[in-house]
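The values are calculated or read from the model by the stated rules, or taken from the named source; none is laboratory data. Nothing here was measured: the structure is a model prediction, and the numbers come from that model. Because the Cβ atoms are built from the backbone with ideal geometry, glycine has one as well, and the counts that use them run over all protein chains shown.
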Amino acid sequence: MGPALVTRYALTVDAGVGELRAADHLLHALAADLALPEDAFGCTHLVRGERPRVVLSLALPSEPLRRTALERLTGGGYEVSPGVPDPVGRAVLYPGVTSLTGTLTVAEVLSGSAIDRVTVLGSPDRPVPGTTLVTRDHVRPQWRDGALVLTAMPAAGGTLVPFEVPDPTPCCADH
């Protein structure tokens with residue numbers, strides 16, 4: 001999930017969640033219940049195989065906080081294990097996420113959050129710092145090679161939008 005500092009005090013929570021939206025809501029609820037600080041990370045991870053599901057990871061800034069979270073989560077009936085399930089989590093909670101609302105420049109996204117870089121789908125080049133990003137108040141970067149990377153796509157008027165949409169249409173919704 002990123003640098004050793006981020007994974008040092010990490011936990012994986014398996015709540016049997018089947019969808020990303022439900023996992024996002026659970027991460028926000030757990031963060032509130034545990035009173036997590038803004039420098040905590042909360043990610044979703046897809047588990048494939050016999051029992052497909054979405055598990056959560058929490059990377060906390062200290063051992064005492066990790067220990068407290070472990071006790072409270074297991075006491076609440078969650079299946080909790082140490083570490084993260086894989087290095088490519090999709091970040092829902094991360095430093096600066098609450099400031100990523102409305103329209104920002106790429107430079108503001110990078111300077112005001114834990115996001116390390118922005119890439120544009122289908123482009124080998126990174127966007128220039130002054131490029132406008134319309135966040136739709138839903139910014140979900142992913143860990144890639146130890147960096148938190150937001151994938152964006154071109155939108156109207158030369159702007160960018162995050163690749164992941166806030167309210168995706170379910171597959172075959174019109175059938």
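Can you name the number of the only condition in (1) farther than 29 Å from LEU36 by Cα; (2) within 19 Å of the chain's Cα centre (by Cα); (3) not charged (D, E, K, R) that ALA155 fails?
That leaves (2) as the condition not met.
Report yes if VAL88 is part of a helix (DSSP H, G or I), modelled with pLDDT under 95 and under 14 Å from the mean Cα position of the chain (by Cα), otherwise no.
Answer is no for this residue.
Within the stretch 105-136, count every residue that is buried (at least 20 other Cβ atoms within 10 Å of the Cβ) and assigned to a strand (DSSP E or B).
Here the count works out to 2.
If we only count strands (runs of 3 or more DSSP E) wholly inside the stretch 1-82, which ones have 1 or more residues that are in contact with a Phe, Trp or Tyr (Cβ under 9 Å, 6 or more places away or on another chain) and surrounded by fewer than 20 Cβ atoms within 10 Å (Cβ to Cβ)?
Counting at least 1 such residues, we get 10-17.
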